[in-house]
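What follows draws every value from the coordinates through simple rules; no lab data is involved. All of these numbers come straight from a predicted model, not from anything done at the bench. All Cβ positions, glycine included, derive from the backbone under ideal geometry; neighbour counts span all protein chains shown.
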Amino acid sequence: MNLTHHAAARIQQRGIPYAAVDAILAYGCRRRHDGADVYFLDKKARARMAQAMGKKSYSKLERSLNSYLVVADDGAVITAAHRLGRLKF
């Protein structure tokens with residue numbers, strides 16, 4: 001996982017575990033928005049992830065999975081934040 005300095009600071013400030021960042025990148029949906037990719041988990045992605053990880057591992061991360069990541073074209077994570085509402089594309 002390639003993080004920018006800004007992304008590392010935001011992940012730490014917002015209390016998002018690195019395991020959740022990895023899970024969002026691996027199982028999340030990707031949408032293109034303003035020149036970058038936005039990764040997030042919808043219901044189908046959460047179900048896929050829960051089945052692949054197992055209920056115990058999933059339940060540990062479930063609280064922090066309501067987040068999204070903005071990823072540049074070179075694959076670097078630009079920033080991370082909590083989803084407080086619906087993402088509008």
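Before moving on, here are some points about what is shown:
- Within the chain, no whole DSSP H helix has Cα atoms reaching 24 Å or more along its own axis together with a mean Kyte-Doolittle score of at least 0.5.
- Taking the chain and dividing mean pair separation by its residue count, relative contact order in percent (alpha carbons under 8 Å, at least six apart): 37 percent
- Each of Gly35, Ala76, Ala23 was placed along the dipole of the chain (beta-carbon charges, centred on the mean Cα), and the one lying farthest toward the positive end is Ala23.
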